[in-house]
Amino acid sequence: MVASESGEDARRPIVRSLDAVIVGAGFAGLYMLHRMRGLGLSALLVEAGSGVGGTWFWNRYPGARCDVDSLEYSFSFSEELQQQWTWSERFATQPEILKYLNHVADRFDLSRDIILETRAVAAIYDDASGRWQVRTDRGDRLDARYCIMATGCLSEARTPDIPGLASFGGEVYATGQWPHAHPDFTGKRVAVIGTGSSGIQVVPMLARQASHVFVMQRTPNFSIPARNAPTDAARERAWKATYAQKRQAARETTAGILYDYNDTNALSVSETQRTQDFEARWSKGGVNFIRTYCDIMLDKNANDTAADFVRAKIREIVRDPKTAATLSPHDHPIGAKRICVDSDYFATFNRDNVTLVDIRSTPILAATKTGLKTAQASYEIDALVLATGFDAVTGALAKIDIRGRAGVTLAQKWAQGPRSYLGLMSAGFPNFFTITGPGSPSILTNVVVSIEQHVAWIADAIAHLHANGLACMEAKAEAEDAWAEHVSEVASRTLFVQANSWYMGANIPGKPRIFLPYAGGFNAYRLKCEEIVARGYAGFTLRA
Ligand code: NA7
């Protein structure tokens, strides 16, 4: 790799003319680089971290784990890779996924074209030459025909604006930027702010170490037990015997995952039957729970049956009725916020060293030198853990000064909400691609499946340009408008729009309230992309 671990001055600025600059070395960027190489094109990948892995590089907090089955949350593009790699657990831990991504980088010799510890700060389109000028915080000047953003949907971690936070004298950690040297919480009093997936994963781990954990909860979340287990060797063998077919079958589903889909409506079966069905899914564990019936995300009455079941489980697990009530979500339909998957989260509140603090009714007023203060109490702590989420989908793009045709910035264009054709390209930004951009299924699916589809589509589009002597590709404004309307119309038919979620941009003050991903399902989306190609890249302008 070009950059080194040894600090800022270890290398001189790079000045290079390339076919493509790729930003971000997570699943998306790594595969994109591999595909560009496959086309015989020159590409350089710019990565802010000191290693590859993207989201899985930064989110290394204790308990960080994927909630998609390992056999599915992995690349399918190389048969040898998928046959040879072995996952140790049903839901892989962050260190194992990071090891896998490092293995992929080594196996496909990607590292020689990756510059680490380097943040892309600007990408400016030059109308005259039709090329992108990418600048980095290390002074690099990269000039390329294609600029491909693989910046991730959950990569821009945010920290809360708590008055006095800077004056807190203890340790402060953010789950989305966890230090490499794991902090030791033994004997310490810790407060965790945030009870989304990250908070729900980290709390049980901290409770085993710390002398006391205060869980500062603003909004309770629905969570399903993971039922994680070591990889079952027979199941793995069976999968690998027909891996390619399984991957294809997954691509033909809504989520890009071989869940147990059920086309029955929740209210079409008896209450006894429903309880049995929910119980069966609950004991199997995982987000598959939300697929117990096909209308859970479409019909509020159906949704209520699933939500009631989970609330009853919380009451069953948590001994103190008041704590159980505070942990029970009532403000959003189950699944309308990303459903969480946990290992012993609710049971953790039965421990003597764990206290739930309802900061909805008594908000945090300030941080002090020694802890946190609400209107009712002061919490003396040694460490503070912020599990406060991300500026999702568009946050990482917004941090880069991206300017398209006539100097128009992406930030200006997206001020009222992102506009993108298929989540892949935005009008006015020629040869500029976003992998899992807004308006694509991305985070509503197995994101690796979505990434592979996007990368393959972009690589094929670039190959098409080259094969036909074309230099430039751009989304048409009218195609983009029609797509945005479709994305919002599909979302409006679901219960997703009823929650103040990061899917809606609702967790970021001032962010336009728009449903960011495409809720029409992976398979429908994939077919749409294929149809557009078959129609000669309908909705795109291709120029010589
Ligand atoms: P999430 O799901 O956005 O959760 C963030 C949590 O932090 C959530 O409970 C928020 O409460 C809470 N939060 C955010 N800001 C504050 C402030 N200022 N005060 C108190 N509490 C706050 O992020 P995660 O990292 O857990 O998960 C993101 C995705 O990663 C997840 O969905 C998976 O797909 C993987 P709120 O709900 O806003 O009241």
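Summary of values
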{"read-out": "The lone exception for GLN412 - which of (1) within 20 Å of the chain's Cα centre (by Cα); (2) over 21 Å from HIS34 (Cα atoms); (3) not basic (Lys, Arg) it fails", "value": "(1)"}
{"read-out": "Some residue of the stretch 500-521 being touching a Ser or Thr at 6+ places or on another chain (Cβ under 9 Å), part of a helix (DSSP H, G or I) and touching a residue at least 12 places away in the same chain (Cβ under 8 Å)", "value": "no"}
{"read-out": "Filter result for GLY187 (within 14 Å of the ligand (Cβ to nearest atom) and among the small types (Gly, Ala, Ser))", "value": "no"}
{"read-out": "Tally, over the stretch 68-85, of residues that are open to solvent by 30 Å² or more (accessible area, probe 1.4 Å) and under 27 Å from GLY176 (Cα atoms)", "value": "1"}
{"read-out": "Flag if ALA392 is touching a residue at least 40 places away in the same chain (Cβ under 8 Å), surrounded by 24 or more Cβ atoms within 10 Å (Cβ to Cβ) and hydrophobic (A, V, I, L, M, F, W, C)", "value": "yes"}
{"read-out": "Test: residue in the stretch 216-225 that is within 16 Å of the ligand (Cβ to nearest atom), on the phi > 0 side of the Ramachandran plot and within 27 Å of the chain's Cα centre (by Cα)", "value": "no"}
{"read-out": "The stretch 340-357, residues that are surrounded by fewer than 20 Cβ atoms within 10 Å (Cβ to Cβ) and either aromatic (Phe, Trp, Tyr) or within 11 Å of the ligand (Cβ to nearest atom) (or both)", "value": "none"}
{"read-out": "Check on LEU327, within 14 Å of the ligand (Cβ to nearest atom) and out of contact with any Pro (no Cβ under 9 Å at 6 or more places or on another chain)", "value": "no"}
{"read-out": "Positions within the stretch 246-259 being exposed (fewer than 12 other Cβ atoms within 10 Å of the Cβ) and either modelled with pLDDT under 95 or over 13 Å from ASN446 (Cβ atoms) (or both), in sequence order", "value": "GLN248"}
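Every residue, every condition in (1) within 16 Å of the ligand (Cβ to nearest atom); (2) surrounded by fewer than 22 Cβ atoms within 10 Å (Cβ to Cβ); (3) aliphatic (A, V, I, L, M), yes or no:
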{"site": "GLN177", "(1), (2), (3)": "yes, yes, no"}
{"site": "ALA191", "(1), (2), (3)": "yes, no, yes"}
{"site": "VAL213", "(1), (2), (3)": "yes, no, yes"}
{"site": "THR231", "(1), (2), (3)": "no, yes, no"}
{"site": "ALA234", "(1), (2), (3)": "no, yes, yes"}
{"site": "ALA244", "(1), (2), (3)": "no, yes, yes"}
{"site": "GLN273", "(1), (2), (3)": "no, yes, no"}
{"site": "PHE278", "(1), (2), (3)": "no, yes, no"}
{"site": "ILE290", "(1), (2), (3)": "yes, yes, yes"}
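The values are calculated or read from the model by the stated rules, or taken from the named source; none is laboratory data. These numbers come from a predicted model, not from an experiment. Cβ sites come from the backbone with ideal geometry, for glycine too, and all protein chains shown count toward neighbours. Remember, those area values only see protein heavy atoms, side chains included, never the ligands or the DNA or RNA. Shrake-Rupley method; radii C 1.70, N 1.55, O 1.52, S 1.80 Å.
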